[in-house]
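Contents: one structure, followed by commentary.
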Amino acid sequence: MFDLDSDRHSNLTAALMSPIFLGLAPVFGKLALRGGSDPFTVAATRTALAAALLWILYLVFLRKYIYIYLAGFLGCAVVGTVNGIGSLMYYNGLSRLDASMSQLLNGSYLLFAVLLARLGGQSLSWRTGVRVLLALFGLMLISGGGHGQVEWLGVGFMLGNALLFAGTLILSQRVLYEMPPQTVTLYVITVMAVVVVMARGAYDLHWVPQSHDTMWAILALAISTALSRLTLFAGVKHFGSLQTTLLAITEIAVAVTLSYLLLDERLTFIQWVGVGAFGVSLLVQGNARFSSRAPRGAIPMPNMAGIAFQQIAFTHAFGDSGLSQDELDAIRRMMGVEGPLPSEPPLNYPQSGDDKPPAVDSFPDMAD
């Protein structure tokens, strides 16, 4: 496996591979659904298999990326829960729509990412609003330009997943600030597996035997899921969430092409007009001007309680935890706590000859 942190070239390669793996999801998912499986079973089985494959791979080859500290795991748990709920909506929407149309609607996560960035404090130009309206017009033609009655429930599921996926990207950037993408991928997919398996159990406790073709499709889906998250988080860590989402046009092209070749799906003329409008919006979105006040490659999260309250809460939560100063600083940066802490209590450092806290090198994920 390539080293995602080796140099900028490998990071760019990972970011470019992410939309290819994401574009495989609707095709393999549709093949599994056509084989007689239900959306909950597809989501639960593919995520559980992806988590199992990752754990086997990490235990054999990548043991150094298994270590994680508590605050980092909690961040991964939030991202995994949001992504897991979104995946349930995705496969329920996919069961009601064509794979090509599903991925076109799911591509709207770029728009949601831009809007969430604006709520998070980014300053966007008025041209971005025009592009958002253009993309909405394209999505309207895509969803309403097919033959027969529009499946609005499926459209709603796909747009709901797009919103949650955009939230996943923005939340993951905060978590990735202090952890390597390999570690984040492992624990995010593990939490996703727990969420979707619990949902599958609540939906139906009985396991329905799957055909061989269905299981092969789900296995391929599990592999593409693991690879897509690994490359996605690598892209988010090194290029930022918005820059990574700008590659969505590649993801859509992969899904539409494979849907045509493998599923024999066709778009109407009106839908192709919508694809054009949506594609133009995605392509020119990269020219949106963001405020230089935001950190490079980062999207600031809304400060709901105020900096002073965050400082006090952080001091009470971690002041007597026995963590080193390096660990505390890393957790503060990940949680977005700004400014000096008020009357910080003394830390309980482990006693050593020079009476200094342990070096950060003893924590492999922070030294990354």
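The values are calculated or read from the model by the stated rules, or taken from the named source; none is laboratory data. No experiment lies behind these values; they were computed from the predicted model shown. In this analysis, Cβ positions are derived from the backbone assuming ideal geometry, glycine residues included, and neighbour counts consider all displayed protein chains.
Couple of notes before you dig in:
- Residue that is touching a helix residue (DSSP H, G or I) at 6+ places or on another chain (Cβ under 6 Å), within 18 Å of residue 44 (Cβ to Cβ) and in the same structural domain as residue 140 (by TED's automatic domain parsing), where the choices are 155, 191: 191
- Among the candidates 150, 196, 184, residue that is not hydroxyl-bearing (Ser, Thr, Tyr) and not in a helix (DSSP H, G or I): 150
- The C-beta contact set for region 103-117 (first residue under 14 Å from residue 134 (Cα atoms) and assigned by TED's automatic domain parsing to the domain that holds residue 259, second residue acidic (Asp, Glu) and modelled with pLDDT under 80, distance under 7 angstrom, 6+ apart or interchain) comprises 107/251.
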